[in-house]
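Colleague: Here's a structure for you.
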Amino acid sequence: MPRRLLVTAALPYVNGHIHLGHLVEYIQTDIWVRFHKLVGNQAVYICADDTHGTATMIRARQEGRSEQAIIAEMAAAHQADFAGFGIAFDHYGSTDSESNRQLVHRIWAALRAAGHVVERDVTQLYDPKAGCFLADRFVKGTCPKCGAADQYGDSCDKCAATFSPTELKNAVSTLSGATPELRSAKHCFVRLEPFRAFLKEWTASGTLHPDMARWIANTFLVDELRDWDVSRPAPYFGFEIPDAPGNYFYVWVDAPVGYIASTIDWCAKNGDDWKRWWEGGGAEIHHFIGKDITYFHTLFWPAMLRTAGIDLPAKVHIHGFLTVNGEKMSKSKGTFIRARTYLDHLDPQYLRYFYASKLTARAEDLDLNLDEFAAKVNSDLVGKVANLASRTAKFVPRLAASYPDDGGLFARGAAEADAIAAAYEAGDFAEASRRIMALADRANEFVEQAAPWALKKDPAKAAELERACTVSLNLFRQLCVYLAPVLPGLAAEASHLLGAPIAAWGDAQRPLAGNAIAPFQHLVARVDPAKLQAMIAASAVESPAAAPAAAAPVDDGAALAAEPLAPVCTFEDFQKVDLRVARVVAAEEVPKAKKILKLTLSLGGDQQRTVFAGIKTAYKPEQLTGRLVVFVANLAPRQMSFGLSEGMVVAAGPGDAEIFVLSPDAGAKPGQRVH
RNA sequence: GGCACUGUAGCUCAGCGGUUAGAGCGGAGGCUUCAUAAGCCUUAGGUCGGCGGUUCGAUUCCACCCAGUGCUACCA
């Protein structure tokens with residue numbers, strides 16, 4: 001009984017081009033889908049462009065055209081890029097569709113009816129220049145959790161923390177460069193806390209890799225789940241909320257619903273009923289996503305589906321990020337490589353194979369080391385697999401009329417089918433590749449021993465030659481069947497070479513006999529290092545001209561916006577705080593603390609105080625000893641796990657590397673009060 | 001500090017309660033010349049992070065420790 005699989009990859013955002021990082025996911029998913037189709041399951045690969053949000057609206061405004069024009073242009077670009085890599089969606093839709101609007105309405109009505117929607121005022125960042133509230137992705141600043149700079153307003157790609165844009169430090173509008181200000185507006189929220197028990201069970205029920213299930217259980221699900229802000233006030237490009245006019249659904253509401261809407265559109269084209277896939281039809285729903293959007297797919301999304309009576313995903317497959325040469329992709333180093341740029345220089349099969357050889361079921365980051373990439377592709381694809389055909393296909397015009405005795409080689413390869421299939425099924429493509437390459441090694445050993453080139457010289461051994469070639473070409477074909485999910489192009493060429501289509505996983509079980517052999521053509525070229533270099537060069541963006549030296553300082557309002565002024569206090573209030581000049585007489589690291597330094601401060605004479613200060617991320621102890629600082633002398637002592645802290649040292653900055661300890665001008669003496 | 005994951009040959013990684021721990025790549029030596037300078041053979045003497053425990057027997061299970069990574073805590 002074939003399984004019915006509804007498979008999705010995350011919807012790429014309409015505003016950007018596809019790059020090699022995206023492709024990890026689309027290739028991974030494509031391989032998984034192709035595998036299932038090959039084994040005879042009914043698999044549907046659904047994707048779409050994620051179109052809504054402020055970003056699209058602003059871009060349309062800037063370029064003086066409609067959102068729809070942008071969507072059409074980018075949809076074409078995305079699909080061309082995907083097609084270039086052999087990624088074969090069954091349907092590629094758009095979240096800006098009527099089917100999506102209707103479905104969002106339906107799910108919203110269900111959330112309302114279930115009493116999960118609450119409304120309250122939200123203070124949000126507002127761009128006074130652009131005249132609109134700022135979407136998460138349109139605010140950049142410093143991550144409040146880890147201090148990484150240049151992060152978007154919804155999550156940190158450094159530490160994967162999620163937060164709200166108002167939590168961002170040093171926020172700046174990427175639209176206008178203006179410092180955002182705070183404004184209030186009414187928002188709709190979906191309550192998630194009622195789902196916690198359900199989510200706890202669901203995420204632990206095999207829908208996620210155990211590592212990820214644990215991670216979610218230990219992070220998000222330990223505390224009360226915060227209400228989810230699902231609306232944005234106009235102007236906003238998206239679907240208006242039917243019962244809250246002037247408000248629009250936040251893009252993360254309608255984006256995942258787009259999985260279903262895109263299925264609906266596919267069904268409409270094919271005379272199918274979408275409910276067979278999403279509502280009690282017995283289909284398995286599989287989502288492939290990156291670990292950065294785990295939150296949305298394993299908490300919000302199941303809650304929405306459950307409320308609306310739609311099937312829950314059978315499995316959420318989560319992968320890690322792509323690094324290139326061991327580092328985050330970098331525009332200046334030329335490792336931020338667009339799909340199109342890659343296609344301009346290199347064969348997409350290389351990348352499909354390399355990713356496959358590295359992907360496992362775990363959400364580990366995948367490193368594209370370019371030297372390893374070239375070595376692996378050349379060794380495996382060219383040296384082992386393609387070479388097998390290349391070295392035997394030219395000797396004989398056709399395969400032997402019956403498959404000869406090969407000492408059990410083909411049978412041993414056929415017996416690997418289940419193990420390789422299990423590896424594909426589990427998402428452990430690395431293991432599948434290893435097993436396949438092991439078979440390729442055995443096949444090459446066979447050729448070596450049979451030495452068809454020697455047999456060719458002796459006309460009396462023509463039959464033996466034919467047998468040797470029949471075996472090696474069948475072994476080659478067997479490999480191509482196993483590799484077909486990864487390398488559909490190679491499988492097609494192998495089909496052509498031997499005049500027999502590779503159409504099913506079972507084709508690896510039956511050797512061919514008697515087939516005519518087509519004239520041999522090169523199957524896979526070696527990786528040309530010059531082209532690799534050219535690709536890097538084409539991707540490298542010269543780093544922006546070094547900022548004009550010693551330019552006048554620009555005091556933007558980011559810091560103030562990130563932390564608005566406190567309410568007025570009286571002079572008497574201020575006087576309560578006794579600030580003193582102090583000298584750091586000793587600074588030392590505290591065992592087991594990542595952020596804390598232990599400071600011994602002198603107030604003059606024999607007066608000393610011990611302070612534990614959270615400045616270790618920005619200062620080394622030796623930088624501090626001897627210098628003067630400003631010290632809150634009358635702060636109530638605080639017992640910390642490291643010891644008693646008798647006050648605090650005054651500092652500014654958002655944290656992490658950006659901490660600036662205050663010091664008085666020269667001449668001040670320890671013990672003097674700051675007035 | 002807590003939670004999780006990882007720690008196996010120069011590199012990338014398999015493996016796993018049981019004979020002398022494996023593969024690929026790289027390196028070294030040899031063979032071959034059919035093939036896209038591909039292939040085959042030999043070789044790497046690695047405390048399987050450390051220390052204990054369970055066991056007839058552990059790289060494989062358990063405890064603890066160390067290191068790396070991620071999240072999290074300490075910032076009065």
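Here, each number is a calculation from the coordinates, and none is a lab measurement. From a predicted model like this one, the values you see are computed outputs, not experimental measurements. Backbone-built Cβ (ideal geometry, glycine too); neighbour counts: all protein chains shown.
Colleague: Please list 3J(HN,Hα) in residue order for segment A:473-484, calculated via the Karplus relation 6.51 cos²θ - 1.76 cosθ + 1.60 where θ = phi - 60°; whole Hz, with x for glycine and proline.
Modeller: So the J values, rounded to whole Hz, are 5, 5, 5, 4, 5, 4, 4, 5, 4, 5, 8, 3.
Colleague: Let me know the shape class of segment A:203-271, please: from the alpha-carbon gyration tensor, a ≥ b ≥ c as square roots of the eigenvalues, rounded when a/c is under 1.5, otherwise prolate if a/b is greater than b/c, or oblate. Present the calculation step by step, with values, prior to reporting the outcome.
Modeller: Working: a/c = 3.77, a/b = 1.29, b/c = 2.93.
Oblate.
Colleague: Take segment A:347-509, drop everything but the C-alpha atoms, weight them equally and run the Debye formula without solvent; then report log10 I(q)/I(0) at 0.09 Å⁻¹ to two decimals.
Modeller: -0.30
Colleague: Run the quick spin-label model on A:Ser402 and A:Asn634: label points 7 Å from Cα toward the beta carbon, then report their separation in nm to one decimal.
Modeller: 10.6 nm
Colleague: Amide H neighbours of A:Asp96 under 5 Å, counting only residues 5+ apart in sequence or on other chains, H built in-plane at 1.01 Å?
Modeller: A:Thr51
Colleague: Right, here's the next one. Mind listing the long-range amide H neighbours of A:Leu5? Cut-off is under 5 Å, sequence gap 5 or more, other chains count too, H placed in the peptide plane at 1.01 Å from N.
Modeller: A:Gln42, A:Ala43, A:Val44, A:Glu284
Colleague: Of the cross-linked pairs A:Lys291/A:Lys531; A:Lys186/A:Lys275; A:Lys358/A:Lys531; A:Lys333/A:Lys384, which ones have a Cα-Cα span greater than 24 Å in the structure shown? Working shown, then result.
Modeller: Numbers: A:Lys291/A:Lys531 32 Å; A:Lys186/A:Lys275 35 Å; A:Lys358/A:Lys531 22 Å; A:Lys333/A:Lys384 32 Å.
From A:Lys291/A:Lys531; A:Lys186/A:Lys275; A:Lys358/A:Lys531; A:Lys333/A:Lys384, over 24 Å: A:Lys291/A:Lys531; A:Lys186/A:Lys275; A:Lys333/A:Lys384.
Colleague: Under the rule a/c < 1.5 gives rounded, and otherwise a/b versus b/c splits prolate from oblate, where does segment A:563-661 land using the Cα gyration tensor?
Modeller: On the way: a/c = 1.68, a/b = 1.26, b/c = 1.33.
Oblate is the answer for segment A:563-661, as a/c is 1.5 or above yet b/c matches or exceeds a/b.
Colleague: Considering amide H positions built from the backbone, and no H for Pro or chain starts, which residues 5 or more places from A:Met648, or on another chain, come under 5 Å of its amide H?
Modeller: A:Val632, A:Leu635
Colleague: Normalized C-alpha radius of gyration of chain A, against 2.2 N^0.38 Å?
Modeller: Working: Rg = 31.0 Å, N = 675, 2.2 N^0.38 = 26.2 Å.
Rg over 2.2 N^0.38 Å, computed on Cα atoms: 1.18.
Colleague: When the helices in chain A are scored as -39500 (n - 2.57) per DSSP H run of 4 or longer and the sum is shared across all residues, what 222 nm value do you end up with, to the nearest 500 deg cm²/dmol? Please report the intermediate quantities before stating the final value.
Modeller: On the way: 23 runs with 243 residues, N = 675.
Calculated mean residue ellipticity at 222 nm is -11000 deg cm²/dmol.
Colleague: Restricting the calculation to Cα positions, tell me the Rg (one decimal) and the Dmax (whole number) of segment A:232-351 in Å.
Modeller: Over segment A:232-351's Cα set, Rg and Dmax evaluate to 18.9, 52 Å.
Colleague: Let me have the relative contact order for segment A:347-509, percent, based on Cα pairs under 8 Å that are six or more residues apart. Display every interim value, and only then the final one.
Modeller: Values: 165 pairs, mean separation 51.0, N = 163.
About 31 percent, as a whole number.
Colleague: If you scale each eigenvalue of the Cα gyration tensor by 5 and take the root, what three semi-axes come out for segment A:366-430, rounded to whole angstrom and sorted largest first?
Modeller: Listed largest to smallest, the semi-axes of segment A:366-430 are 29, 21, 8 Å.
Colleague: Ordered by residue, what ³J(HN,Hα) values in Hz, to whole numbers, does segment A:317-333 give under the Karplus form 6.51 cos²θ - 1.76 cosθ + 1.60, where θ = phi - 60° and Gly and Pro are x?
Modeller: 3J(HN,Hα) across segment A:317-333, in whole Hz: 8, 10, 10, x, 8, 8, 10, 10, 6, x, 10, 4, 4, 10, 5, 6, 8.
Colleague: Give me the angle, in degrees from 0 to 90, between the Cα long axis of helix A:67-84 and the longest principal axis of the Cα atoms of chain A, rounded to the nearest 10.
Modeller: Approximately 50 degrees, to the nearest 10.
Colleague: Enter the angle in degrees (range 0 to 90, nearest 10) between the Cα long axis of helix A:348-358 and the first principal axis of the Cα atoms of chain A, meaning the one along which they spread out most.
Modeller: Approximately 70 degrees, to the nearest ten.
Colleague: Step through the residues of segment A:219-228 one at a time and calculate ³J(HN,Hα) from phi using the Karplus curve (6.51 cos²θ - 1.76 cosθ + 1.60, θ = phi - 60°), rounding each to whole Hz and writing x for Gly and Pro.
Modeller: Whole-Hz 3J(HN,Hα) from phi for segment A:219-228: 10, 4, 7, 7, 9, 4, 7, 6, 4, 9.
Colleague: So for chain A, averaging the separation of alpha carbon pairs under 8 Å that are six or more residues apart and normalising by length, what relative contact order in percent results?
Modeller: Across chain A, relative contact order equals 13 percent.
Colleague: So if each residue of separation counts as 0.36 nm, and I subtract the Cα-Cα distance between A:Glu279 and A:Lys461, what length gain in nm does that give?
Modeller: Details: separation 182, 0.36 × 182 = 65.52 nm, distance 6.38 nm.
Result: 59.1 nm gained on full extension.
Colleague: Something else now. Can you pull out the trypsin sites (Lys or Arg not before Pro) in segment A:1-72 whose DSSP state is coil and whose Cβ has at most 15 other Cβ atoms within 10 Å?
Modeller: Taking segment A:1-72 and a limit of 15 other Cβ atoms within 10 Å, the loop trypsin sites (Lys or Arg not before Pro) found are A:Arg3, A:Arg65.
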